[in-house]
Amino acid sequence: MDPLNQAISAHRQAATMAAAQATAREMVALRASQGRQEELMAQLVFEQQIAGWTEAEKQEAREDRDLDLDPLKMHSLSPSQRQQHRAQRRLENQLAAEAEARRQAEEAEQARKDEAAKLMALPLLACFVIAGWLYIKVVIPEYIDWDRRQKFAEAMAAGQAEAKAAEQRARAEATAQAEAKERERQRLAAEAEAAVQRAMAEATAQAEAKERKRQRLAAEAEAKAKDLLNKRLEWTGSALRRAGVVEDKIELALTQGGTVLAWPTAAPAGLSGVVAIAAGNEHTVALRQDGTVVAWGSDRDFDAKVIGQSTVPASLSGVVAITAGAYHTMALRQDGTVVAWGRNNENQTAVPGGLIGVVAIAANNHHSLALRQNGTVMAWGLNGNGQTDVPAGLSGVVAIAAGAAHSLALRQDGKVAAWGWNQYGQTDVPAGISGVVAIAAGLSHSLALRQDGTVVAWGETKLPAGLRGVVAIAAGVSHTVVLKLD
């Protein structure tokens, strides 16, 4: 085939390809229109499905749908699972976007090569046309002379130079277009990466904000629970305190108005402003608001010997707590020191020298206890059953109680330690007991009040079934008294 026919054939092929491309574009536009209608119908169905949800749930459902997640399935998951699925889908979308960008870049590169090939074909076509024209007009005639041959050579050289220049221009334009497309691709990829990073940062920030809110609400709930417990423990009905040892001879109750109810014997007439009470075998002690102590009852022991357990030391003041053993009495002053008086046959009133920083005291029968500010316990007096042998390493104590011949300590973690006489299991603290806020000890039994208002007892004792709503406990020699919120 001669060059002219080749050029005509190439032109026809280019026209056919252009027509096919136009038809393809029309088909794509038609499919896009149909896809838009289907998308609008799906959007209408989706809005009907979530019509009964809250605005926040609807917003999350729309975000899940934008991420190609099933909103109904996501709605049934927990918040943490939903966040995990969304983060995973965003990462998948990011990877898909990068893959699409690479595909587009490859298609652009192929298009550039095709365009370059087309541009390179035009100079060749021009060359073929010129060569054909020259071939017909110059070469074929046999009578061509040297001058015409010279012109033919010059025309050929000019045609080749023009074709080369056209090829260079086409290549430069194709390279510039490819570079521009690559820059656009990189810009779009950078914007997509930034969008993904922003979305992940926002999701992380939202998750952290929700976690902080959850922790705040949990802390508020815990604080409310503790406040409720404190209010229950400080309830203004009555507060009980019982300290009996050998015989149950005295029962006491302190009313809201600061007066004392005592039975079977009455409190001194006119006694008021009382904030704490305690009782021994045959004597009673009351602490008033002004820090002074009043005592009444017997001043003798079971041998009728005068020992002075109800004779308050002169000038005793600044007292913040009191307790009583069988025949001795103790007072805690606001400077953290302890004063004791009464029977001392077992050194129960022999307060250890240098004992300071005391925040609580307890006594029963013939031994005494002191809780220091650093959470450790001191014990002295009769030790026939190990009741003053404080366990090694015991610390973090917040409350103490003394039984007839055993001792209890409540630690700040809500657990109880016990030591001393255990004939009836009164020091066998039940396994797993926790959440304790108060303790009490009698002759052969022990008590613990838990934060939920229930009572745990061990040793020689038995609690009423279903006992709840308790705010205070006390242990006698062989009986138990509790104060309920109602």
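The values are calculated or read from the model by the stated rules, or taken from the named source; none is laboratory data. Every value quoted in this text rests on a predicted model; they were computed, and no experiment measured them. Cβ: placed from backbone, ideal geometry, glycine included. Neighbour counts: every protein chain shown.
Taking residue 277 as meeting all but one of (1) assigned to a helix (DSSP H, G or I); (2) β-branched (Val, Ile, Thr); (3) at pLDDT 90 or above, write down the number of the exception.
Status for residue 277: all satisfied but (1).
Cβ-Cβ distance below 9 Å, separation of 6 or more or different chains: which pairs start in region 281-305 with a residue that is acidic (Asp, Glu) and end on one that is in a strand (DSSP E or B)?
That search, which allows pairs on different chains as well, returns 282/297; 282/300; 299/283; 299/306; 299/342; 301/342.
Would you mind stating whether residue 339 is surrounded by 15 or more Cβ atoms within 10 Å (Cβ to Cβ), of a type in the set (A, V, I, L, M) and outside any strand (DSSP E or B)?
In short, no.
Please find, among 289, 309, the residue that is in contact with a strand residue (DSSP E or B) (Cβ under 6 Å, 6 or more places away or on another chain) and either under 23 Å from residue 369 (Cα atoms) or outside the structural domain of residue 441 (by TED's automatic domain parsing) (or both).
The unique qualifying residue is 309.
Can you go through 154, 115, 142 and tell me which one is assigned by TED's automatic domain parsing to the domain that holds residue 192 and at pLDDT 80 or above?
154
Please verify whether residue 104 is out of contact with any helix residue (DSSP H, G or I) (no Cβ under 9 Å at 6 or more places or on another chain) and not aliphatic (A, V, I, L, M), treating the condition exactly as stated.
Considered against the rule, which asks whether it is out of contact with any helix residue (DSSP H, G or I) (no Cβ under 9 Å at 6 or more places or on another chain) and not aliphatic (A, V, I, L, M), residue 104 comes out as no.
From the list 465, 402, which one is among the aliphatic types (A, V, I, L, M) and either under 17 Å from residue 362 (Cα atoms) or modelled with pLDDT of 95 or more (or both)?
Going through 465, 402 in turn, the sole match is 402.
Within the group 450, 372, which residue is within 31 Å of the chain's Cα centre (by Cα), surrounded by fewer than 20 Cβ atoms within 10 Å (Cβ to Cβ) and closer than 30 Å to residue 334 by Cα?
On inspection, the qualifying residue turns out to be 450.
Is region 350-364 home to any residue that is hydrophobic (A, V, I, L, M, F, W, C), under 21 Å from residue 326 (Cβ atoms) and surrounded by fewer than 19 Cβ atoms within 10 Å (Cβ to Cβ)?
Scanning region 350-364, I find at least one residue that is hydrophobic (A, V, I, L, M, F, W, C), under 21 Å from residue 326 (Cβ atoms) and surrounded by fewer than 19 Cβ atoms within 10 Å (Cβ to Cβ), so the answer is yes.
May I ask you to say which residue of 403, 381 is crowded, with 24+ Cβ neighbours inside 10 Å, under 22 Å from residue 450 (Cβ atoms) and assigned by TED's automatic domain parsing to the domain that holds residue 306?
403
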